[in-house]
1. GNM, chain A, Cα, under 10 Å: largest mean-square fluctuation among A:212, A:198, A:188?
2. Roughly how tilted is helix C:137-151, in degrees to the nearest 10 and between 0 and 90, from the longest Cα axis of chain C?
3. Would you mind ranking A:217, B:143 so that the residue whose beta carbon has the fewest other beta carbons within 10 Å leads the list?
4. Mind listing the label-point distances from residue B:28 to the same position on all other copies, shortest first, one decimal in nm, points 7 Å along Cα→Cβ?
5. Per residue of B:91-103, how many C-beta atoms from partner chains lie within 10 Å of its own C-beta, taken as a mean?
6. Over chain C, what is the percentage of antiparallel beta bridges among all DSSP beta bridges, to the nearest 5?
7. Classify the range B:170-245 as rounded, prolate or oblate, taking a ≥ b ≥ c as the square roots of the eigenvalues of its Cα gyration tensor: rounded when a/c is under 1.5, otherwise prolate if a/b is larger than b/c and oblate if not.
8. With labels modelled as points extended 7 Å from the Cα through the Cβ direction, what inter-label distance (nm, one decimal) is found for residue A:34 paired with residue B:153?
């Protein structure tokens, strides 16, 4: 297979058939992580730089383990303890890193647009691991893969995304990606947490979770960052939880085969409680498992891993 | 050899014969670190996660180097710069990590019981690298190995542990472990630094270091954490040092072949001074060297390294 | 080739012919980083500890990637999250690390002399990655290599170093190294930023950048640390920039084939502006690229990489 892309910045960079290729490859890589020796050689001698300007556990760990299982070398850089503290611009830092000939830079950055800029400036592959409120394409791919794994197809699936849509790169990337595959999307949020222009996203919008829930196949709960409360986007955790939290009563309202997703880390008792997290409907940990396989597939494809693993 | 254990949480998880197996294997691994190429292949393709919620140099470095010398891949996570800062529970974080199929999680945690909980919940091996005031089993194993290396046997050895027994996971693990092998233990501390119920530990207790020292084969000095002083456990460094510090005068009182140990990092001038640290009796750096070999042996046994290295 | 050195603390530890050997080897290693598989096996099974007590991006990343491209294992330790926070002395920390049998410790430390002390105490190779205001020999080597790559020879080259000479380990190491090869050095700085005794360095000294610039082949701009301003070494960024900053007007005054260097990270608009940084004269990113090759060559030579790579 010829992979035509240099960078992964937005889920819109990939066509439907590109995404299907990623999914197929991810399925074969899932098997690698069940082996006794969880390591295959396709990216031996490749250098992958993990450049994280924001805290991360899941995403960083997932990329790092994915890289190592493909035999790549990884080096990590975080904002603290580096020259970013000395006031160096992102672009200067990136050009310096580029001078050391990495094959890929995986960037998480607090402001939108930084990965695109880097991808345009640098000859190596740049993968967006989350940029501000903009996009988080590998999260959307793992979410879509997890839905497809469960339902067989994304076409016609009713997906409801609940919570802080305005500040969520996960929501944006999922909306863009799911629409390619013909899913029907409903966003549920208090009006203060909906972004300007959301009417043009081509999705349903509601403020009434209880009305939407019985018709939904997938409910994706977004993390509520506690600092939003201080910024007065909503009046309190308890009120938020009451109107938009996924609890036992709401889980029981869901369709028989509907599933619960969350990109993590979860705020137990705020947007989701234990009844929902630990219910048989929850595929939250499958998302994490699939994330590793998706990232292995992406690194393999973007870094020219050559022929498929057998 | 069949190794029957999944986790190492307490030194009491291991039988006397298990510990002897660890010691034998450690002896053969000590040799690996003297080679020009300090690397052997038994854990190739294994993923080891170092999950450290507390600061560490020695222990973390020791596990990381041990893993790499056995060809395992390591990924490190510390509390800062991760989702732990975002309020995720340990158990949620651990389940997420587990979804990426590591073979082993090495956990240091500020509160007792966390490694046991993780071991019960997760299918992978969990190794306790120190949990609150509870246990630090790999430290006890390296301490016991170092004593045995020096004296040939632990049976009948007079071991004196001096200092902040109450807050010391090192003391607890050593007491449990040494008793299995028939060593005689004396704890020396100001009464404020002895834990409730210490009478039931089956050890001698004293507040008079000078009286105990001439009869002891091994004196193990514990680190005094300076913050304890603020909490009024003792009245000052100088007073502590005067009554419980190991200095030249006290070193001279020791038996001819008695040795000095310390788990590190040392507080020079508080619990131990240069005369003791640099004396020929001190095996403090042997402890560190043996720690690496012990951890190689443990990783090898717990991760099913197969046949012994030749 | 027999490499006669254990440590690299000062550029003066190396003879002219040693440095030429490093340069030759670096040239052959530059090619490795252009390969598809950027990894060669000479340091397999070697353990390299990166011990950084000060923030670093370029230098740490460069050493880490260099080590990995030679197949060595690296472990990193920074001041935060380690026992250094618990008050352990550098020497105690280093002896502990040594007990784990690393082949090389790469040390950055805020005070002069620490790497020399470590090198004297420890049997492993110690490489100085910057010690206080003293030396940064690998930076000087990459700077000299970059000048030689550009001009063919260092002999007779007019090199001007501009800025905070007093606090600059980069300046010191470059002066010592360049003098070995017969370069003519001029230091340009406000008098408050010249160290005591600079008259004995055997270099020209000036406060007038505009007078010196037309006669210079290489202008090396040093980073101005903003905290110096608070310490009253100069009266403000704007004034500094006016008298000592490299801007468009000054770039145009330079000799036709003169080049611009900077050890990074740059302070855009203070000691250097975009016209200089992005001019065709700038070899700032070549310095970084060469830094990687120089560090591969050094690790190879110091860790006994055996025969040359083919």
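We did not get these values from a lab; they are worked out from the coordinates using the rules stated. What you see is a predicted model, and the numbers here were worked out from it, not measured in a lab. Positions of Cβ are backbone-derived with ideal geometry, glycine not excepted, and every protein chain shown enters the neighbour counts.
1. Of the options given, A:198 has the highest mean-square fluctuation.
2. 60
3. Working: A:217 20, B:143 28.
Final ranking by Cβ density, sparse to dense: A:217, B:143.
4. List, nearest first: 3.8, 3.8 nm.
5. Details: counts 0, 7, 5, 0, 5, 13, 6, 3, 13, 15, 10, 4, 2.
Counting Cβ atoms of other protein chains within 10 Å of each residue's Cβ and averaging gives 6.
6. Working: 1 of 36 bridges.
In chain C, DSSP labels about 5 percent of beta bridges as antiparallel.
7. prolate
8. For residue A:34 paired with residue B:153, the spin-label model returns 5.2 nm.
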